[in-house]
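To start, the structure under review is shown below, and the notes come after it.
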Amino acid sequence: MQQPSPTSIDRTAKLSRARVAKREQCADDLFKLWLEPEVPFPAFKPGQYCTIGVNGIERAYSISSSPDEKWLELFVELVSEGELTPLLWKLAIDETVSIRPRAKGVFVLSPKFQSHFMVSTVTGVVPFVSILRDYFHKGETGHKFYVIEGASYPGEFGYDDELARMAADHPDTVKFVATVSRPTEEKSKDWTGETGRANTVVGKYLKEFNVDPANTLIYACGHPGMIEDVGVVAKEKGFAFTEERFWV
Ligand SMILES: Cc1cc2nc3c(=O)[nH]c(=O)nc-3n(C[C@H](O)[C@H](O)[C@H](O)COP(=O)(O)OP(=O)(O)OC[C@H]3O[C@@H](n4cnc5c(N)ncnc54)[C@H](O)[C@@H]3O)c2cc1C
């Protein structure tokens, strides 16, 4: 099992700086940052993370951009009692953060599997966005992707329009399901899609999409409870399983 630990924060590569090139608030506590590293960021594998910091406080963030993009795109949840995210939240365009100039991590596409069933909650979708952007940028074919994205409210998805577009453009390659766990609340009033927590709909869509344990890897990233539950389902049904925990 991959657990977040101090070793998730890469303190070995020399510190450099990156400029905030763009920022976008997505919900009350969610924002995207686009960073332009001062020195070219070395090639990374989609699904990996970078380590950024402010005032010496450093944390790991998965990269949602694909390696061909000019800026590193991040999708960050504001943890109001946290040390770093309140500082990131206040950053203005052209301010800078520290950055360890290399990406790390092993939560990447495993191409030996023909089919990839990716389950996420909120910011946990980030590695899958990078993997899929890169897949289509390179014009690759032959794999199948099933992406289940869960959130409390529709405003927290961050990448649902992009993923829905990928599924519409590549219907034989991508299936996408966004699911809202608090459908009766005001913030979800216009939601007409799937409802329920991501982990509770996994069984339904494994069946509906006829996903074969013999050639499928299930990935889970996001809420620790979701990861636990999906891991249990994967084991019960005989699927290979991999996870990335952002917190415990
Ligand atoms: C490999 C890896 C990739 C990551 N990628 C992302 C990413 O793409 N986007 C992102 O927003 N975060 C990501 N994180 C989490 C990130 O590194 C920080 O832990 C997080 O932003 C909180 O930092 P902080 O300094 O504000 O809070 P801290 O002071 O570090 O933490 C305060 C408390 O909040 C908990 N916590 C941390 N994150 C959350 C959360 N999202 N929801 C609820 N509680 C939380 C911590 O466990 C701790 O108990 C990743 C972590 C790892 C290990």
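The values are calculated or read from the model by the stated rules, or taken from the named source; none is laboratory data. Not measured: the values here are computed from a predicted model. Neighbour counts run over all protein chains shown; Cβ positions are idealised from the backbone, glycine included. For accessibility, only protein heavy atoms count, side chains too; no ligands or nucleic acids. Shrake-Rupley method; radii C 1.70, N 1.55, O 1.52, S 1.80 Å.
Phi-derived couplings, Karplus 6.51 cos²θ - 1.76 cosθ + 1.60 at θ = phi - 60°, listed residue by residue for region 160-176: 5, 5, 5, 5, 5, 5, 4, 5, 6, 6, 10, x, 7, 10, 10, 10, 10 Hz, with x used for Gly and Pro. Dipole magnitude for the chain: computed about the Cα centre from +1 point charges on Lys and Arg Cβ and -1 point charges on Asp and Glu Cβ, it is near 700 debye. Under 5 Å between amide hydrogens, built in the peptide plane, is the criterion, and for Leu91 it picks out nothing among residues at least 5 positions away or on other chains.
Taking Tyr49, Tyr135, Tyr146 as the candidate residues, the one with maximal mean-square fluctuation in a Gaussian network model of the chain, Cα springs under 10 Å, is Tyr135. The magnitude of the dipole of region 6-104, with charges of +1 and -1 set on the Cβ of Lys/Arg and Asp/Glu and taken from the Cα centre, is near 460 debye. Across region 215-224, rounded Karplus estimates of 3J(HN,Hα) from the backbone phi angles (6.51 cos²θ - 1.76 cosθ + 1.60, θ = phi - 60°) give 10, 10, 10, 9, 10, 9, 8, x, 4, x Hz, Gly and Pro being marked x. Taking amide H atoms as placed 1.01 Å from N in the peptide plane, the amide H of Ala178 lies under 5 Å from those of Glu149, Glu194, each 5 or more residues away in sequence or on another chain. Of the whole protein surface, Thr184 contributes about 130 Å² of accessible area at a 1.4 Å probe radius. Candidates Gly105, Ile57, Leu84 compared by Cα position along the dipole of region 23-158: farthest toward the positive end lies Gly105, with charges placed on Cβ.
If packing is taken as the mean number of other Cβ atoms within 10 Å per residue, what is the order of 193-202, 22-31, highest first?
The packing order, highest mean first, is 193-202, 22-31.
Carbon-plus-sulfur accessible fraction, the chain (probe radius 1.4 Å, protein heavy atoms only): 50%.
Amide H contacts of Phe246 (H built 1.01 Å from N, in plane; Pro and chain starts excluded): Gly222 sit under 5 Å, all sequence-distant by 5 or more or on other chains.
Residue-wise HN-Hα couplings along region 38-48, as the Karplus relation 6.51 cos²θ - 1.76 cosθ + 1.60 with θ = phi - 60° gives them from phi, are 5, 10, x, 6, x, 3, 10, 8, x, x, 7 Hz; Gly and Pro carry x.
Considering only Ile227, His137, Pro183, whose Cα is most displaced toward the positive end of the charge dipole of region 114-232, charges sitting on Cβ of Lys, Arg (+1) and Asp, Glu (-1)? Looking along the dipole axis, the top candidate is Ile227. Tally the DSSP beta bridges in the chain and give the antiparallel ones as a percent, rounded to 5. Taking every DSSP beta bridge within the chain, about 50 percent pair in antiparallel fashion.
Once the Cα atoms are used to define both axes, helix 126-137 deviates from the longest principal axis of the chain by about 80 degrees. In terms of the mean number of neighbouring beta-carbon atoms within 10 Å, the peptides 74-82, 147-155, 237-245, 8-16 order highest first as 147-155, 237-245, 74-82, 8-16. Each Cα pair under 8 Å and six or more residues apart adds its separation to the average, and for region 6-104 the resulting relative contact order is 39 percent.
Within straight-line reach of Lys204, meaning a Cα separation under 16 Å, sit the following aspartates and glutamates at least 8 residues removed in sequence or on another chain: Glu149, Glu194, Asp212, Asp229, Glu236.
Accessible surface computed residue by residue for the chain, with neighbouring protein chains in place and a 1.4 Å probe, gives 47 Å² per residue. Remark: for residue pairs Lys144/Lys207; Lys187/Lys237; Lys32/Lys112; Lys22/Lys189, the C-alpha separation exceeds 24 Å in Lys187/Lys237; Lys32/Lys112; Lys22/Lys189.
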